[in-house]
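What follows is one structure encoded as structure tokens, with my remarks underneath.
Derivation of every value follows stated rules applied to the coordinates shown; laboratory data play no part. Here the structure is a predicted model, which is why all the values come from computation and not from measurement. Neighbour counts run over all protein chains shown; Cβ positions are idealised from the backbone, glycine included.
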Amino acid sequence: MAEALAVVGIVANIVQLVDFGSRVLKRLEEYQSKRGDIPEPFRHIKAELPVLLDALRQTQSAIHAGSMRDESKRALLPAVEGCGVQIRLVDDVIAEALPASSDSWVRRGRKALASLRYNAKVEKITTVVRGYIQTLTYHAAASLRPLAERNLPGPIPCSTVPFRRDPHFVDRQILAEIDCKNQQPASRLALIGLGGVGKSQLAVEYSYRVREKSPTTWVFWVHASSTARFEEGYRKIAERAKLPGWDQPDADILNPVYSWLCDETNGRWLMIIDNADDPGVFTCRSNRRKGIKDEVASRTAPALLDSLPQSPNGSILITSRSRDGAFRLTGNYADIIRVRPMDQAHALTLLRNKLEGSFEQDDATALVEALNYIPLTITQAAAYISQRAPRATVLRYLQELRRGDRDRAKLLQMDIGDSRRDGTASNSIIATWQISFEHIRRARPSATRLLSLMSLFDRQGIPESLLDGRYQEGSHASADFEDDLNTLTSFSLVATDIDGHHFEMHRLVQFSTRKWLELQGDLEGWKEKYVTLLNNSYPVGRYENWKACQMLFPHAQAVIACQPTNGGALEAWASVLFKAAWYADDMGNYQVAQEMGRDALEAREAALGAEHPDTLTSVNNLGVVLSRQGKYEEAEAMHRRALEGSKKVLKLEHPDTLTSVSNLGSVLSRQGKYEEAEAMYRRALEGYEKILGPEHPDTLISVNNLGSVLERRGKYKEAEAVHQRALEGREMVLGPEQPSTLTSVSNLGLVFERQGKYEEAEAMQRRALEGREKVLGPEHPDTFTSISNLASVLLSQGNHEEAEAMYRRALEGCTKVLGSEHPDTLTSVSNFGLALLRQGKHEEAEAMHRRDLQGSEKVLGPEHPDTFTSVSNLGSVLSSQGKHEEAEAMYRRALEGCIKVLGSENLATLTNMGNLVWTYRNRGRWEEAEELGVQVVETCKRVFGLKHPYTLISIGNLASTYMNQGRLKEAEGLQVQVMETLKTAFGPEHPDTLTSVSSLG
């Protein structure tokens, strides 16, 4: 009885609805005939109403004929009632928004404005009506099938997935997340990520797992790269579901499939929509619906998006490169899973699964890292290696990948067939990504410009400040950065860091972008833009700019690969490298600084000429870097070239020429050529005094340099006077707390310490430290230098514990600010070791000196003078532990290195000779000790003079050797000579004088 009432209710409703709907349609037609046009949303609903009324009449006919199944009648009752609701809504909107002939002109104007507000509402009504049309059409079509056909058993659930299961699939725990989220009724879930990252392979594997778990669940695969392929996928569903008309090319297939999917009696289903990258595919309207003839009706046909059901018996899994495209289909960002490249473990597993045979783990690890852990690149690499084995190996593939851009492109452009991927898709990662590039270029050209610029930066830490406003020009000058960035992040080409102001790209994405730009003929232009941008943004390497230099340094390194051919751009390129080399030098990255500095020099020679002032500045700076690497001969040659060029171009008394004179003095001093160095410093000082005056800051720099070389020559009184002049001049001109003034304070303290004036030295070093902490801050490198200098004075006074604490503080600060391998940090390691040794902490001291040596060998090289010092210091701590054989080996290594690099008369060479003398003595080899000791004394007298501290130390050591041999008279004669010379040179109260008197007594 209830069913009969339901049937009567449906028929009565349909009769009323057809009548009411016809009147509403007539009102729209009358309005259009009088006004000539109606708003576009009203045109859409006007086109749908005749279709809806026709579907209602077909339903009525099927019920009267008794050909409709009872379950269909029950299912249709809410649909018919819903149709009534929507038609009434249309009627209400017409009354509110469309002017009637009886309305006043004021009311008509108000309605015209109001109609704009109703546009969205009418579009929503149209969408709902289309859904009801599909439902009614499906049930009406099903009722018209012959009875015998309808009584046949229904189709058996199956899968339309066109790919075989991959036996080498690597599970990344993403499938569990998909399965969890797909448990919700009518779920829609999207996998997004770069092309080749494995989205489709995840979907394929998931489809097989669904069928394994539930064989009664339908699984459908729909390609969404185009409208035609989408409809092809729906036709395949119609074929498997045995829907009428599936084999008729002109038949509307979307509506019947939609209705079939909405019918819960057909069972559970999963639909995989693959490659849904272009949102335009889903907004495109199907033109296959029967009866569509005019243009307006074609524009109002349902979009493909409307053909995706939201039925509780089904779920949809989408794969897309575009986050925004995925959102259009899911409607919720929470239902989007970003598929990222594999982690290292999963990538290695995939490579191992795909390759036959064994390979070195380290080679495989390096290969998957070079391939950015992207599954498609790993799979293609494995296929290439397998195809060409045994000649091709993991190592050989890696070497070819690293060889250069041409070889890398050749490998990444290879397309080795894979039956488990869509046959229309390329297996080349470059071609795969270039599809995305082309799509973005068509949809948003300004975003393509942003991508082009970003591809030239280092892949990490790309700052927003160097992007916004820097890539827009011409017709794209007003492009919105946020919209462009959103486009690139949507396609997973760019990622944003936590603060949202720095970005990163995969290395291979950048490479593929550059190859794409090269194909377009645009790469060189973008290189010039990037070089100019970096030159305008990268500051000179002064301390106050270090933070900016550090942030931009990787991007300055990326400039190296962008060397332009254009003269102006080449000059800018050289400028970037010059400034970056300056910073690298300050950071102790001497090899990098040398390479950048040399490239900058060669570019300036090409762009400006060999004698241009900027070229000569590059020569000078390269000389400084070479000097810091211990390459003194090359450095000297550079400084002599800069000096000769400056004299010719700028004249002898130009400040830049005098800077070259001073730099040449510096490298001569490092070689132990103190007399020549002093002459250079005096020449520079005289020039500055003449040109700039005696109190100019540059003049005072020369005064300071002269004081330093005098101190190295053992001329302590003269050095003290010179440093005193520099300090007084700087206090007057620059102020007592200016950093240069504090440098003079510190240098004066060093001279006091050399003379044994420890209280005055300590006062100076404390003043320098307090000033630097206040002015430069507690973490400035110069502050750490002051801490070490103060520790040295404390150590000389026997205050070992406080000295150790100060050295430890300097070491921790240098490690934090400069890094554990900076040369200044390694010097702090060595100083800390010496402090430990003075306190008898031999094992700890040895560990420090070994750390210093290991770091020096790595950073400076095995033949740098500072490395020889580290070798010698390790020898000292070994000797103090009685390990004389090991100590001797260290001293010999240091001595041979110094002779080779510095010559036989350098102070460092003579110091190591003296150390070896002590080793001979400790091992009882007195004749060898005497022979070498005499050689040291004679060389010191000749090179440094009798009054030099090291000459006197050498004489004292020889006296000790004689004493141990029982040659007391000879020993006493030498000791008297030392004592008298110390009294004359340093005064009777100098600690070394007092020590000498004591030993003689």
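As I understand it, the value is the acute angle between the Cα axis of helix 375-388 and the longest principal axis of the Cα atoms of the chain; what does it come to in degrees, rounded to 10? Result, in degrees: 80.
Relative to the dominant Cα principal axis of the chain, helix 991-1000 is inclined by about 50°. Couplings for the range 191-205, taken from phi via the Karplus curve 6.51 cos²θ - 1.76 cosθ + 1.60 with θ = phi - 60°, read 9, 10, x, 4, x, x, 7, x, 5, 5, 5, 4, 5, 4, 4 Hz in order; Gly and Pro are left as x. Residues LYS947, LYS648, ranked from the fewest to the most other C-beta atoms within 10 Å, line up as LYS648, LYS947. Residues whose amide H falls under 5 Å from that of CYS158, counting only those 5 or more places apart or on a different chain, are VAL219, with hydrogens built in the peptide plane.
Computed from phi, the 3J(HN,Hα) profile of the range 850-867 under the Karplus parametrisation 6.51, -1.76, 1.60 (θ = phi - 60°) reads 5, 4, 4, 5, 4, x, 5, 4, 6, 7, 9, x, x, 10, 7, x, 5, 5 Hz, with x in place of Gly and Pro. Put simply, the amide H of ARG338, placed in the peptide plane, has neighbours under 5 Å in ILE192, leaving out anything fewer than 5 places away on its chain. Taking label positions 7 Å along the Cα-Cβ direction at both VAL540 and GLN361, the computed distance is 5.2 nm, reported to one decimal.
For the range 662-679, the Karplus equation 6.51 cos²θ - 1.76 cosθ + 1.60, evaluated at θ = phi - 60°, returns couplings of 5, 5, 5, x, 5, 6, 5, 4, 5, 8, x, 8, 5, 5, 5, 4, 4, 4 Hz by residue, with Gly and Pro reported as x.
The charge dipole of the range 695-771, taken about its Cα centre with unit charges on the Cβ of Lys, Arg, Asp and Glu (plus for the first two, minus for the last two), comes to roughly 320 debye. For GluC sites (Glu not before Pro), the sites in the range 299-372 that DSSP calls loop and that have at most 14 other Cβ atoms within 10 Å are GLU356, GLU360. If r is the Cβ-Cβ distance from LYS941 to GLU863 and R0 is 25 Å, what FRET efficiency results, to the nearest 0.05? Efficiency for this residue pair is about 0.30.
Stretching the chain fully between VAL11 and LYS983 yields a gain of 337.0 nm (0.36 nm per residue, less the alpha carbon separation). By the count of neighbouring beta-carbon atoms within 10 Å, fewest first, ILE133, ILE899 end up ordered ILE899, ILE133.
Segment ALA561..ARG74, full-extension length gain: 168.2 nm, with 0.36 nm per residue of separation and the alpha-carbon distance subtracted. Computed from label points 7 Å out along Cα-Cβ, the spacing between GLU718 and ALA637 is 3.2 nm.
Report the calculated FRET efficiency for VAL976 and LYS883 (r = Cβ-Cβ distance, R0 = 35 Å), to the nearest 0.05.
On the way: r = 35 Å, r/R0 = 1.01.
E between VAL976 and LYS883, to the nearest 0.05, is 0.50.
Near ASN705: Cβ cut-off under 12 Å, other residues only, Lys/Arg at +1 and Asp/Glu at -1. The net charge is 0.
Run the dipole for the chain about the Cα centre, Lys and Arg Cβ at +1, Asp and Glu Cβ at -1, nothing else charged, and hand back the magnitude in debye, nearest 20.
Roughly 3940 debye, rounded to the nearest 20.
Here the label points at LEU395 and LEU519, each 7 Å from Cα along the C-beta direction, are separated by 3.5 nm in the simple model. Under a 5 Å amide H cut-off, with hydrogens placed 1.01 Å from N, ASP252 pairs with LYS290 among residues at least 5 apart or on other chains. For the peptides 611-621, 702-712, the ranking by packing is 702-712, 611-621, with the highest mean count of neighbouring Cβ atoms within 10 Å listed first. The ranking of VAL917, VAL93, VAL576, VAL937 from fewest to most other beta carbons within 10 Å of each one's beta carbon is VAL93, VAL937, VAL917, VAL576. Between LYS181 and GLN854, the FRET efficiency from the beta-carbon distance, with R0 = 45 Å, is close to 0.30. Between SER214 and VAL85, full extension at 0.36 nm per residue minus the direct alpha carbon distance yields a gain of 42.6 nm.
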